[in-house]
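Note sheet for the following structure.
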Amino acid sequence: MSKVFDLWNEVGGAFGPSGREDAVREAIAAIAGEYIDDITTDALGNLICRKKGSGKKLLFAAHMDSIGVVASWIDEKGFIRFSQVGGLFKGDLINITVRFANGTRGVISYEEKTPFKDLTMDNLFIDIGAKDKADAEQYVQVGDFAVFEAPRFEQNGVLCGPYLDNRIGCVTLLLAMEQLAEAETENDLYFVFTSQEEVGLRGAGAAAFSVEPDIAIAVDVTDTGDLPERKTPMAVDMGKGPAVKVMDRSVICTPAVCTALEQAGAGCGVATQREILQFGGTDTAALQKARAGVQAGAISIPTRYIHSPSEMCAVSDVEGAAKLLAGFAVGQN
């Protein structure tokens, strides 16, 4: 298995839905400590890793949190109703396994009398095999969060499993951090692993306000346009290199930063693609709007089946993204 997989398996296996990122933060901090000068955690739970320098302040961000569900009501038979934490699609949820923080597992199913085409989240429930409400409450309480429980594997240079979004962005920063540990650069580098991106980009804005960077780069996943009969055309393919974001629903990236990222890729031999994401957004928007405004851009990992338990990306795109970021950090004078 690749080093990318090993890191993803470690970081991706940590429980960490939005607002509950503690285990992910601990896993990342244990790895990052070898490569940087200091680590701090702010009030929102962002992990801020700094490699000190006297030059430009460069902030690289990847969100730690994942989508998930939260128990909202338990009926008399012990079936658990839930609310969504971040964006979910009902087609990805039927008959999948979820895991609560205490290890309790359950299966999401639906009210079968409702035609499938008419289902909403209100028609779904979690079955933990409880005898009744009292039995269920021994394992799950209202307010408990759960995440997808599915295998992670590497096959033929491709990763597949839950929460590439955005633990693979975190892995990218860790790989870049390792490459920059002995690099010659005077720049002041901040690697920020942000909280609560999936519920409104909440952590990134606070982190950027605190750091006050000269340039900020988010690392996240993006959709691909390489699937059969895809409804929305998109000029991004899995395995053809990391994508330089031009814009999405939440942000128009700073043109000079986009150009610098493409030049950094060319300079270190990493092929890049251009990304225009028609639906969704990333931490880039919150970073750009911090204080009086920040020059901002983003590098995206082309990923299939985003927000499902079986997301997919290419190892080579992750390796390329890390190499590009390291080159960009060194090249900013």
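The values are calculated or read from the model by the stated rules, or taken from the named source; none is laboratory data. The shown structure was predicted, so the numbers you read here are calculated from the model rather than taken from an experiment. Cβ placement follows ideal geometry from the backbone for every residue including glycine, while neighbour counts extend to all protein chains displayed. The area values use the complete protein model at the heavy-atom level, side chains included, leaving out ligands, DNA and RNA. Shrake-Rupley method; radii C 1.70, N 1.55, O 1.52, S 1.80 Å.
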Practice prompt. Please specify each residue of the range 91-126 satisfying the condition of being open to solvent by less than 40 Å² (accessible area, probe 1.4 Å), among the aromatic types (Phe, Trp, Tyr) and out of contact with any Gly (no Cβ under 8 Å at 6 or more places or on another chain).
Written response: 125
Worksheet, complete the sentence: Apart from one, (1) within 17 Å of residue 321 (Cα to Cα); (2) among the small types (Gly, Ala, Ser); (3) at pLDDT 95 or above; (4) more than 17 Å from the chain's Cα centre (by Cα) all hold for residue 181; the odd one out is (3)
Response to the item:
Those residues of the range 277-290 that are at pLDDT 95 or above and open to solvent by 20 Å² or more (accessible area, probe 1.4 Å) come to a total of 2
Worksheet item: Which residue pairs have Cβ atoms closer than 8 Å, lie 6 or more positions apart in sequence or on different chains, and pair a first residue in the range 126-148 that is in contact (Cβ under 8 Å) with a residue 24 or more places away in the chain with a second residue that is part of a helix (DSSP H, G or I)?
Response: 128/136; 130/136
Worksheet item: Which of (1) of a type outside the set (A, V, I, L, M, F, W, C); (2) in contact (Cβ under 8 Å) with a residue 24 or more places away in the chain; (3) more than 24 Å from residue 6 (Cβ to Cβ) is the odd one out, the single condition residue 172 does not satisfy?
Response: (3)
Item to complete: Pull up the range 161-185, narrow it to residues that are touching a helix residue (DSSP H, G or I) at 6+ places or on another chain (Cβ under 6 Å) and either in a loop (DSSP other than H, G, I, E, B) or charged (D, E, K, R) (or both), then point me to the one that is surrounded by the most Cβ atoms within 10 Å (Cβ to Cβ).
Response: 167
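Regarding residue 255, is this residue at pLDDT below 95 and surrounded by fewer than 18 Cβ atoms within 10 Å (Cβ to Cβ)? I'd like the intermediate steps shown before the answer.
Numbers: at pLDDT below 95: no; surrounded by fewer than 18 Cβ atoms within 10 Å (Cβ to Cβ): yes.
Spelling it out, it is not the case that residue 255 is at pLDDT below 95 and surrounded by fewer than 18 Cβ atoms within 10 Å (Cβ to Cβ).
If you check residue 266 against the conditions, is it modelled with pLDDT of 95 or more, of a type outside the set (Phe, Trp, Tyr) and under 24 Å from residue 313 (Cα atoms)?
yes
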Item to complete: Can you give me the number of residues within the range 80-90 that are open to solvent by 40 Å² or more (accessible area, probe 1.4 Å) and within 22 Å of the chain's Cα centre (by Cα)?
Response: 4
Response to the item:
A careful count of residues in the range 5-24 that are farther than 20 Å from residue 183 by Cβ, in a helix (DSSP H, G or I) and either open to solvent by less than 40 Å² (accessible area, probe 1.4 Å) or of a type in the set (Asp, Glu) (or both) gives 8
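Scan the range 272-283 for residues that are out of contact with any Leu (no Cβ under 9 Å at 6 or more places or on another chain) and closer than 16 Å to residue 166 by Cβ and report the count.
Narrowing the range 272-283 to residues out of contact with any Leu (no Cβ under 9 Å at 6 or more places or on another chain): 273-280.
From what is left, the residues that are closer than 16 Å to residue 166 by Cβ are 275, 277, 280.
Total meeting the criteria: 3.
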Fill in: Residue tally, condition under 17 Å from residue 152 (Cβ atoms) and not hydroxyl-bearing (Ser, Thr, Tyr), over the range 274-316
10
Worksheet item: Is at least one residue of the range 298-317 open to solvent by 60 Å² or more (accessible area, probe 1.4 Å), aliphatic (A, V, I, L, M) and at pLDDT 95 or above?
Response: no
Discussion item. On the basis of being surrounded by fewer than 24 Cβ atoms within 10 Å (Cβ to Cβ), over 25 Å from residue 8 (Cβ atoms), in contact (Cβ under 8 Å) with a residue 12 or more places away in the chain and out of contact with any strand residue (DSSP E or B) (no Cβ under 9 Å at 6 or more places or on another chain), does residue 229 make the cut?
Written reply: no
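Is it fair to say residue 71 is under 30 Å from residue 329 (Cβ atoms) and surrounded by 18 or more Cβ atoms within 10 Å (Cβ to Cβ)?
Against the criterion (under 30 Å from residue 329 (Cβ atoms) and surrounded by 18 or more Cβ atoms within 10 Å (Cβ to Cβ)), residue 71 does not qualify.
So in the range 127-151, with the set limited to residues that are more than 18 Å from residue 17 (Cβ to Cβ) and in a loop (DSSP other than H, G, I, E, B), which one is most open to solvent (accessible area, probe 1.4 Å)?
Of all residues in the range 127-151, those more than 18 Å from residue 17 (Cβ to Cβ) come to 127, 129-138, 151.
With the extra rule that they be in a loop (DSSP other than H, G, I, E, B), the set shrinks to 129-132, 137-138, 151.
Numbers: 129: 61, 130: 23, 131: 176, 132: 63, 137: 74, 138: 139, 151: 99 Å².
That would be 131.
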Discussion item. Cβ-Cβ under 9 Å, sequence separation 6+ or interchain: first residue in the range 61-89 and free of Cβ contacts under 8 Å to residues at least 60 places away in the same chain and within 30 Å of residue 285 (Cα to Cα), partner in a strand (DSSP E or B) and among the aliphatic types (A, V, I, L, M). Which pairs?
Written reply: 83/69; 83/70; 83/71; 84/69; 84/70
Fill in: Of all residues in the range 211-225 being surrounded by fewer than 19 Cβ atoms within 10 Å (Cβ to Cβ) and touching a residue at least 24 places away in the same chain (Cβ under 8 Å), the one that is nearest to residue 328 (Cα to Cα)
214
